[in-house]
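Structure record follows, encoded as structure tokens.
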Amino acid sequence: MLRIRRFVFALIISIHTVTVLATPQGSVPTLGVTLYNQLKIDSAISELEKEAQSGNVESQYYLGEALRNRNRFMTSEAQKWYELAASQGNLYAMIQLGRSGNDLCKIMSNCPESGKSPANWLQDARRLAEPKAEQGDAEAMYIMYEITLNRDWLERSANAGHSIAQFWMAIGDKQGEGFLLPWKRKEAVGNWFKASAEGGNPRAMMEYAAYLYENEGDLKVARRWIQLAAEKGYKSGVSSYGAYLAHAPDRFGFELDLVKGYAITSLLRELDGGGNVQVYVEEVLPEIAEKMTPQQIKEAEVFSAQWKKTHPPLSFFPDKLSR
């Protein structure tokens, strides 16, 4: 039972009804955004405030996100930062301000006052995104999907190569959306996950690895995607890769490597304070250590330090547009 729970922990990907990775692929996040990605909300707010006050529009948006998520509803402080980012053209901030009409603050009757209605914010976002979408901009197509919830925009974005749209097309097809024959649906799910993984989406990498494991038995390719997800810094990729290398549990046919397994699992200590990962670390690391010599543990510590120097910070890759 314990091993089943670990397997689920390592592979599970939280599915929300929203959009893109917390930072654009290929960009380097600020410290504040990095902390936000690690679900260290209080620490993130402290750093994001400094970055936002210095004029960083992306940090202004994420500060609004962090404040709203911490309180679970739109506050006047969160709205202030969203509006500042939106006034400088941040479409995500416009969408979140547009969604405030359905926020918990409505039920609580304490929504902050604004000079513009939620509907007007959504209109502004659409006015800016739609021309770009019609010209073939894949991200703009995805934003149009978020504004309209029209799945045609999602499919157009996916076909244009947007990896997050491809990810959500796979999830939608898996859940029975769209008009596909049963024997075509599974194929479509696999194709969309593969396309998204190839586009650099670590969440899709893990989903595609699971798809290969469950449907095609291609363990060699599945192992490679798990490794790539770990190398991207994705929490689920790191926890899976480390555990499977150490055979804790033995899945996907990874060759036993206690030193690397211990080293990579120990990286999860960095997430102390984010996502309740420490319970997992405190359970699995001692189990791996029991199979190791003191010299192997020292080697693992060296390997872990080198990994941190050559790989991006760990991240849960939360959705950019959180609910």
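Here, each number is a calculation from the coordinates, and none is a lab measurement. Being a predicted model, the structure only gives us computed values, none of them experimental. Methodologically, a virtual Cβ is constructed for each residue, glycine included, from the backbone with ideal geometry; neighbour enumeration extends over all protein chains shown.
Using a 10 angstrom cutoff on alpha carbons, build the Gaussian network for the chain and name the most mobile of Tyr280, Tyr142, Tyr62. Result: Tyr280 has the largest fluctuation of those listed.
For the chain, the longest principal axis of the alpha carbon atoms and the long axis of helix 57-71 meet at an angle near 80°.
GNM on the chain, alpha-carbon springs under 10 angstrom: the most fluctuating residue among Gly190, Gly161, Gly136 is Gly136. Neighbour counting of Cβ atoms within 10 Å sorts the residues Met94, Met144, Met206, fewest neighbours leading, into Met144, Met206, Met94. Each of Arg151 and Asp42 was given a label point 7 Å from its Cα along the Cα-to-Cβ line. The distance between the two points is 4.3 nm.
Rank the residues Leu67, Leu180 as a footprinting-exposure proxy: fewest other Cβ atoms within 10 Å of their Cβ go first. Walk me through the intermediate numbers first.
Details: Leu67 23, Leu180 14.
Starting with the residue having the fewest Cβ neighbours, the order is Leu180, Leu67.
I'd like the distance separating the alpha-carbon centroids of the stretch 47-95 and the stretch 131-198, in whole Å. About 28 Å separates the Cα centre of the stretch 47-95 from the one of the stretch 131-198. Computing Rg and the Kirkwood Rh from the Cα coordinates of the stretch 219-323 gives a ratio, Rg/Rh, of 0.97.
Can you give the charge dipole size of the stretch 24-107 about its Cα centre, rounded to the nearest 20 debye, using +1 on the beta carbon of Lys and Arg and -1 on the beta carbon of Asp and Glu?
Numbers: 8 positive and 9 negative charges, 54 e Å.
The calculated dipole for the stretch 24-107 is roughly 260 debye.
The label-point distance for Asn276 and Val28, in a model that sets each label 7 Å from Cα toward Cβ, rounds to 3.5 nm. What's the angle, to the nearest 10 degrees (0 to 90), between helix 219-231's Cα axis and the longest principal axis of the chain? For 219-231 against the chain, the angle is about 60 degrees. Calculate the tail of P(r) for the stretch 164-223: the fraction of all Cα-Cα distances greater than 16 Å, expressed in %. Roughly 37 percent, once rounded to a whole number.
What residue among Ala305, Ala85, Ala165 shows peak mean-square fluctuation when the chain is described by a Gaussian network model with Cα springs under 10 Å? Largest GNM mean-square fluctuation: Ala305. Expressed as an acute angle from 0 to 90° and rounded to the nearest 10, what is the orientation of the C-alpha long axis of helix 163-174 relative to the principal long axis of the chain? The answer is roughly 80 degrees.
Here the extension length gained between His247 and Glu214 equals 10.0 nm, from 0.36 nm per residue of separation less the Cα-Cα distance.
A simple spin-label model places pseudo-atoms 7 Å from Cα toward Cβ; at Lys50 and Glu77 they are separated by 1.7 nm.
Just rank His162, His247, fewest to most, by other beta-carbon atoms within 10 angstrom. Mind showing how you got there, number by number?
On the way: His162 27, His247 16.
Lowest to highest Cβ neighbour count: His247, His162.
Per-residue ellipticity at 222 nm from helix content only, as computed over the chain with -39500 (n - 2.57) for each DSSP H run of at least four residues, stands at -20000 deg cm²/dmol.
For the chain, the share of alpha carbon pairs falling in successive 20 Å distance bins from zero is 30, 55, 15, 0 percent.
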